[in-house]
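The values are calculated or read from the model by the stated rules, or taken from the named source; none is laboratory data. Predicted model, so just to flag it, every value in this text is computed and none were measured. Don't worry about glycine lacking a Cβ; one is built from the backbone with ideal geometry, like all the others, and counts go over all protein chains shown. Areas reflect the complete protein model, heavy atoms only, side chains present, ligands, DNA and RNA absent. Shrake-Rupley method; radii C 1.70, N 1.55, O 1.52, S 1.80 Å.
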Amino acid sequence: MKRYIPVVALLTAFSLISCGEVMDLTQPEKAEVTHSNITLSLYETGKYDLYLDNPEYQYTIMVAKSHCEKEAKAEFAVVDAKEFGEEYSLLPTAYYDLDGGKMEFKGDDVLHMVNLHFHDLGTLDSSKKYVLGLKLVSDDLAVNQEKNTMTFFLQQEQGGIDNPYILTTVNELVALGDKLKDGKTIYAELQNDIDLQGVDWQPIETSTSRQIIFDGGGHTIRNLKVTTSSTGNQGFFGLLVGKCSNIIFENAQIIADTKMAGILAGQVGAAASPGIVENVRVSGTISLNSGTAAWDNGQAGGICARLHGADSKIHQCASATNITAVWCAGGICGEAREGATVSQCSSTGDIVTESCVGGIIGRMLYATVTQCYSSGLAQAYPMRVANPAGGIAGFVEPNPTSVISYCYSDSEVSAQNQVGGIMGFANKPTGITVTHCIAWNQKLYSNGAPKSGRICGRFNMNDGNNCYANPAMECRFSANTPAIVDEETPDYAAQTFGADRYNGLSTMSNPIDAAKALGWNQTIWNLDGEKPRLAWELVK
């Protein structure tokens with residue numbers, strides 16, 4: 001970056017005091033010029049912010065002498081960095097050149113130009129702040145004390161990893177989306193709780209080329225309200241590409257029509273650009289009216305409607321959200337696909353929809369859910385294209401694999417079609433694994449699908465093993481509920497009426513004993529209460 005300081009005014013002054021020949025034969029009277037009232041000064045002074053994102057800057061500094069009569073020498077002295085605060089380090093001399101910094105004014109000189117060139121700034125430590133203060137000094141003439149210093153502050157541009165945007169007010173939070181930049185990832189931190197009561201929130205829209213890393217700092221955003229006035233998907237974010245962590249959304253309200261809706265985001269991640277959500281808690285309501293043909297754009301989930309991409313994940317998050325929807329819905333996300341992962345998450349809200357429903361994920365299309373639990377209601381009525389229900393996942397398709405492991409549910413599960421304490425319906429005969437899970441549901445109900453089971457509903461020939469079910473579970477699968485027998489793994493050959501389901505074992509008297517028998521990791525799970533809880537949720 002090259003910068004020139006304007007010279008027009010100074011050159012005009014120079015023409016007035018130039019020491020040329022006097023043509024008037026009558027010498028005018030003039031005040032005597034003494035050395036004591038001749039001064040040196042910088043034409044432009046002040047403070048300048050430079051950013052380490054830009055490798056170089058160039059300035060032209062002009063130094064003026066007020067009269068031409070006196071010869072003098074001057075130079076720039078470097079100001080001690082301590083004068084600017086302990087957080088600043090002095091910019092090393094290797095990163096700037098001062099061409100003409102030692103000046104010699106002849107008798108008729110009134111102006112010197114000095115070139116200052118900053119270079120290789122991108123190689124500096126971006127976690128530090130640097131300063132270069134230049135002070136004009138002379139042993140021969142006085143220096144104007146009001147016009148003698150230029151100070152350059154150098155740090156990573158705001159919004160970078162070591163200099164994030166700091167958000168403390170409603171207006172700063174509302175303006176966050178305007179700070180997104182093409183080709184860059186911006187960083188932002190929330191530094192106090194914020195109440196959005198009365199704000200018609202417009203979702204922040206990131207993209208693969210405009211990403212964000214947002215750290216809530218453990219603070220709370222209250223009364224988020226997103227209505228159908230939003231043009232994109234519904235949530236605090238429309239699409240989140242990047243990361244959101246360490247934040248609580250309390251008493252949120254999301255109202256949507258034929259869109260993907262979630263309190264944190266409509267969608268997290270994309271096929272080639274991951275979205276990551278960690279340590280986020282949400283509570284509130286989602287109301288989604290998806291019309292009659294919204295299988296691919298009408299999902300709802302407490303955290304997000306859709307989690308997309310092999311490197312996208314939701315980790316250590318909790319939802320206490322009541323959801324009313326039409327198409328697929330889940331306590332954490334309505335749909336997870338293309339290799340996405342949900343881990344160490346919990347949902348305790350009630351979910352009522354007309355399509356597939358899951359206590360954690362409504363629809364899994366090649367995804368993994370592990371170390372999660374659900375409570376509350378998971379209900380899918382009346383008949384839609386597919387409306388199975390499961391305590392963890394409703395509808396599961398591998399393409400090529402999907403895995404549910406080390407999960408617990410005591411949700412009340414009901415649907416028009418297939419139900420299961422862990423999973424409702426497997427859409428492919430192979431590629432799905434359900435393992436080391438505990439279905440401690442009190443009730444499972446299907447209005448018309450005998451191919452339902454305590455662990456999994458219609459399971460085809462998929463792999464189920466090492467799962468336990470509540471021996472007191474009340475199961476009603478159509479008017480002719482088939483016999484429910486214990487099985488460590490599905491015994492497809494023995495199943496006659498309502499085959500393809502998986503019932504697991506009912507040999508444990510409580511879920512804590514079941515978890516210990518299955519070897520659940522007690523650094524992840526707290527097994528000291530009446531039922532398993534995630535250890536991270538209990539840390540204050």
As computed over region 42-168, the Cα convex hull volume per residue (Å³): 110 Å³
Calculated SAXS-style log₁₀ I(q)/I(0) at q = 0.11, 0.19 Å⁻¹ - region 359-478, Debye, Cα scatterers: -0.27, -0.85
Rounded to the nearest 5, what % of DSSP beta bridges with both residues in the chain are antiparallel? 20 percent
If exposed means GluC sites (Glu not before Pro) lying in a DSSP loop and surrounded by at most 12 other beta carbons within 10 Å, then the longest stretch of the chain lacking such sites spans residues 147-529
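Starting from the Cα coordinates of region 105-194, work out the convex hull volume and express it per residue in Å³.
195 Å³
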Can you tell me how region 302-441 classifies by the Cα gyration tensor, rounded, prolate or oblate, using a/c under 1.5 as the rounded cut? rounded
Which pairs in the list Lys243/Lys443; Lys82/Lys147; Lys243/Lys451 are over 30 Å apart, alpha-carbon to alpha-carbon? Lys243/Lys443; Lys243/Lys451
If the chain between Ala472 and Asp53 were fully extended at 0.36 nm per residue, the gain over the current Cα-Cα distance would be 144.5 nm
Principal axes of region 413-540: Cα extent on each, largest first, Å: 47, 27, 24
On a 1.4 Å probe surface of the protein chains, which of Asp193, Asp528, Asp49 comes out largest in accessible area, and what is the full order? Asp528, Asp49, Asp193
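If the chain between Glu69 and Ala271 were fully stretched, how many nm would it gain, using 0.36 nm times the residue separation less the Cα-Cα distance?
Working it through step by step, the gained length comes to 65.4 nm.
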Might you work out the accessible area of Phe395 for me, using a 1.4 Å probe with all protein chains in place, and round it to the nearest 10 Å²? 20 Å²
Taking the Cβ-Cβ separation of Val137 and Glu86 as r and a Förster radius of 22 Å, what is the calculated FRET efficiency to the nearest 0.05? 0.30
Percentage, to the nearest whole number, of Cα pairs in region 323-369 over 15 Å apart: 35 percent
Rank-order 500-509, 516-525 by packing density, defined as the average count of other C-beta atoms within 10 Å over each peptide's residues, highest first. 500-509, 516-525
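May I ask you to derive the relative contact order of region 236-339, considering only C-alpha pairs under 8 Å and at least 6 residues apart, and to give it as an integer percent?
The normalised contact order for region 236-339 reaches 30 percent.
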What would the Debye formula give as log10 I(q)/I(0) at q = 0.10, 0.14 Å⁻¹ for the alpha-carbon point model of region 221-376, no solvent? -0.25, -0.51
Peptides ranked, highest mean first, by Cβ atoms within 10 Å: ranges 321-333, 452-464: 321-333, 452-464
Solution diffusion estimate, µm²/s, Stokes-Einstein, the chain, Kirkwood Rh from C-alpha pairs, 37 °C, viscosity 0.692 mPa s: 121 µm²/s
What's the angle, to the nearest 10 degrees (0 to 90), between helix 8-17's Cα axis and the longest principal axis of the chain? 10 degrees
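Pulled fully out, how much extra length does the chain show between Ser207 and Thr523, if you take 0.36 nm times their separation in residues and subtract their Cα-Cα distance?
The Ser207-Thr523 span can extend by a further 110.2 nm.
Cβ neighbours within 10 Å, averaged per peptide: list 307-318, 255-266 in order, most packed at the top. Let's see the in-between values first.
On the way: 307-318: 23.8, 255-266: 26.9.
Going from most to least packed, we get 255-266, 307-318.
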Taking Cα pairs closer than 8 Å and at least 6 residues apart, the relative contact order of the chain in percent is 6 percent
